[in-house]
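The values are calculated or read from the model by the stated rules, or taken from the named source; none is laboratory data. The structure displayed is predicted, hence computed values, not measured ones. With ideal geometry, Cβ positions are generated from the backbone for all residues, glycine too; neighbour counts draw on all protein chains shown. For the accessible areas, the whole protein counts, side chains as well, though only heavy atoms, and no ligand, DNA or RNA atoms are used. Shrake-Rupley method; radii C 1.70, N 1.55, O 1.52, S 1.80 Å.
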Amino acid sequence: MTGVRQPQRRAFLAGGLVTTAALMTGCSSKTDSTPAATPAAAASATPTTRPDSPWTAFARLMDGNERWVDGTLQHPDRDPGRRELVSQEQDPYGVILSCIDSRVPPELLFDTGLGDLFVLRTGGQVVGPVVTGSVEYGPLTSGTPLIVVLGHQRCGAIKAAYQAMSDGKSLPGNLQAISDALRPAYKETVKSKHPDPVDAMIRIHVKQTSADLRSNKDLAPLVAKGDLAVVSAYYSLDTGKVEVLTGAPSA
């Protein structure tokens, strides 16, 4: 980035979401008491421009994943200058909803840096009202143009849920809530009779989740206008490659 970009705020009912957003993020808004980033800090920050369209954001992520696979990492946006540059205000170009799995860190596998992504991680990348609201935050408050729902190979949460439902059992504690959220994917998996049902369920679940977000009453208008893309994807633990399943934007 060559400087701090002022997010283009969208209109909201009675300004309520803007107020809520400020409370949610705290550090994302400027304050009069904190000095702005110095010219020296701006000069030392990685000179990348924030993607402003679904396609350019998607291309930036996929280029980063290619570097991860090839071992040609650039580690962009990770120096002290970048830290100071984004200290006053954030404007990420993507939202990643992924699993808590320790082998699937979005910032690494997409070779991104500080201030580039909103990242949400839940077991089996399941959603609920709080998670959905957190996904909506970037697109609705600052025009973040891309959401990626990222499943991954050998997902333990989905495997456990599949096995429990197959056996007619419950998972312990609040793990059952994860299993309950995965039931629609389980039902479709069983109906389709896949030879590798757990892997199929992972793919089905991310497709269902991205479709739900794409048709969300608040996000759907942005998708219809071409301001937002919601992509479902699958990460291979074996190769490091991200496979796009649905929703890839066009150039």
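Of note:
- Charge context of residue 56, other residues only, Cβ under 11 angstrom, K/R +1, D/E -1: 0
- Accessible surface of region 188-232 [probe 1.4 Å, protein heavy atoms]: carbon and sulfur percent: 54
- Test item: Cα-centred dipole of region 35-180, Lys/Arg +1 and Asp/Glu -1 on Cβ, debye: 380
- Placing a pseudo-label 7 Å from each Cα along the Cα-to-Cβ vector at residue 130 and residue 236 gives an inter-label distance of 3.6 nm.
- Report note on the peptides 116-124, 56-64, 74-82: ranked by the mean count of other C-beta atoms within 10 Å, highest first, their order is 116-124, 56-64, 74-82.
- Sites listed here are trypsin sites (Lys or Arg not before Pro) in region 151-251 whose DSSP assignment is loop and whose Cβ has at most 12 other Cβ atoms within 10 Å: 169, 193, 217.
- For region 109-239: accessible area per residue (Å², 1.4 Å): 42
- Stretch gain in nm, segment residue 196-residue 167, where the contour uses 0.36 nm per residue and the Cα spacing is subtracted: 8.8 nm
- If you bin all the Cα-Cα distances of region 88-172 at 5 Å, starting from zero, the percentages per bin are 3, 14, 22, 20, 17, 10, 6, 5, 2, 0, 0.
- Farthest positive-ward along region 91-154 dipole, Cα basis, beta-carbon charges - from 122, 139, 94: 122
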